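See structure below.
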Amino acid sequence: YYNHNSLIFLNGKMVKANESVTDLYSQTLHYGYGVFEGIRAYKTESGTQVFKAEAHYERLKKSCELVKIPFNWSVSELVEATYQVLKANNLSDAYVRPLVFCSPNMSLTRPNEVSVMICAWEWGAYLGDKQLRLTLSSYCRPHPRSLHVEAKVCGHYVNSILATTEAKDNGYDEALLLDCDGYLAEGPGANLFFEKDGILYTPKLGNILPGITRATVLELADKFGFEVQQGSYTPEDLWEADSAFYCGTAAEIIGIESVDEITFRKDWNNSLGKQLQEAYSKLVRETTKVSRQ
Ligand code: PMP
């Protein structure tokens with residue numbers, strides 16, 4: 001996805017990827033102290049639309065606030081910049097990656113100055129389009145009293161990389177992580193839902209990233225009249241489920257075939273998840289406003 005000639009938004013200017021530099025003494029590089037977002041743009045009948053762009057930049061702002069990184073941009077400025085990046089790189093179906101990173105500072109004090117960059121690239125289905133074979137990770141999600149787990153902080157993703165690497169090394173597609181109390185939490189980059197006797201269940205907020213796709217799924221489920229419960233669930237609850245899925249901006253909605261040796265009994269094509277998957281795919285390509293391109 002990296003193209004040397006691509007154009008990146010950096011602190012208000014468009015710069016070439018191969019001409020942009022970052023300081024090697026950045027706190028983000030050394031300590032993982034930075035925040036980011038993952039957004040998707042879709043081709044619609046009236047041009048490119050960035051799905052839930054405002055919600056993503058609101059979360060970026062919230063992430064900065066939680067970890068005390070100064071954030072001086074407005075949401076609307078960054079939404080505008082996102083459309084600029086897409087247009088400059090001639091992208092429509094694309095993944096957008098904003099990153100707020102720190103200036104040189106080798107101390108452990110918060111920075112006074114930060115940079116924001118937005119890049120984008122064409123990216124197909126992140127976890128593929130087959131159903132996933134998961135494994136319960138030996139890593140748990142970060143403890144909410146150690147870090148702000150609801151912030152999308154760069155350093156938190158060491159946990160995600162460790163869990164994904166372990167899962168793949170053991171021959172699985174993806175990991176499933178528990179929280180520090182042993183309840184179901186989420187995937188390394190997606191939220192979890194499961195279906196049992198016609199009801200949907202999802203881990204409650206608190207120990208997970210408040211996914212924007214999770215919120216969209218809750219809206220769609222409400223529209224369909226599906227009952228959804230949010231709570232603390234154990235791996236045993238999941239093993240007894242009829243079906244399950246992951247959701248996230250990059251992954252969209254993707255069915256889960258199995259967790260370790262337990263295979264879900266319901267055919268994905270007959271699950272509530274499948275209906276939500278189709279509705280989500282339609283929703284993101286709906287024309288909601290006049291095209292910006
Ligand atoms: N959990 C984690 C740990 C994630 O990294 C992501 C991806 N941002 C999600 C859940 C899903 O969030 P969203 O739907 O906002 O992409």
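Observations on the structure shown:
- Filtering LEU205, LEU209, LEU192 for residues that are crowded, with 16+ Cβ neighbours inside 10 Å, assigned by TED's automatic domain parsing to the domain that holds LYS152, assigned to a loop (DSSP other than H, G, I, E, B) and within 13 Å of the ligand (Cβ to nearest atom) leaves a single hit, LEU209.
- Filter result for GLU186 (without any contact (Cβ under 8 Å) to a residue 24 or more places away in the chain and not assigned by TED's automatic domain parsing to the domain that holds ALA94): no
- Screening ASP197 on (1) crowded, with 22+ Cβ neighbours inside 10 Å; (2) charged (D, E, K, R); (3) more than 12 Å from the ligand (Cβ to nearest atom) shows it passes everything except condition (1).
- In the stretch 221-245, the residues that are of a type outside the set (Phe, Trp, Tyr), crowded, with 18+ Cβ neighbours inside 10 Å and within 16 Å of the ligand (Cβ to nearest atom): ALA221, ALA244
- Number of positions in the stretch 219-266 that are over 30 Å from PRO98 (Cα atoms), touching a residue at least 60 places away in the same chain (Cβ under 8 Å) and assigned to a strand (DSSP E or B): 3
- Filtered residue count, the stretch 12-57, keeping only those that are under 29 Å from PRO210 (Cα atoms), basic (Lys, Arg) and surrounded by fewer than 18 Cβ atoms within 10 Å (Cβ to Cβ): 1
- Scan the stretch 99-123 for residues that are touching a residue at least 24 places away in the same chain (Cβ under 8 Å) and either over 15 Å from PRO70 (Cα atoms) or hydrophobic (A, V, I, L, M, F, W, C) (or both) and the total you get is 15.
- In summary, THR216 fulfils each of the numbered conditions (1) within 16 Å of the ligand (Cβ to nearest atom); (2) of a type in the set (Ser, Thr, Tyr); (3) assigned to a loop (DSSP other than H, G, I, E, B) with the single exception of condition (3).
- The set of residues in the stretch 69-120 that are over 19 Å from the mean Cα position of the chain (by Cα) and aromatic (Phe, Trp, Tyr) comprises PHE71, TRP73, TYR83.
- Residue in the stretch 36-57 that is farthest from the chain's Cα centre (by Cα), counting only those that are of a type in the set (D, E, K, R) and either more than 11 Å from the ligand (Cβ to nearest atom) or assigned to a strand (DSSP E or B) (or both): GLU45
- Test: residue in the stretch 134-143 that is out of contact with any His (no Cβ under 6 Å at 6 or more places or on another chain), away from the ligand (no atom under 15 Å from the Cβ) and touching a residue at least 40 places away in the same chain (Cβ under 8 Å): yes
- For the stretch 149-173, the set of residues classified as surrounded by fewer than 17 Cβ atoms within 10 Å (Cβ to Cβ), of a type outside the set (Phe, Trp, Tyr) and within 16 Å of the ligand (Cβ to nearest atom) consists of GLY155, VAL158, ILE161, LEU162, THR165, GLU166, listed by residue number.
- Against the numbered list (1) surrounded by 15 or more Cβ atoms within 10 Å (Cβ to Cβ); (2) within 22 Å of the chain's Cα centre (by Cα), SER271 comes up short only at (2).
The values are calculated or read from the model by the stated rules, or taken from the named source; none is laboratory data. Just so it is clear, the structure is predicted and the values come from calculations on it, not from any experiment. FYI the Cβ positions are ideal-geometry reconstructions off the backbone, even for glycines, and counts take in every protein chain you see.
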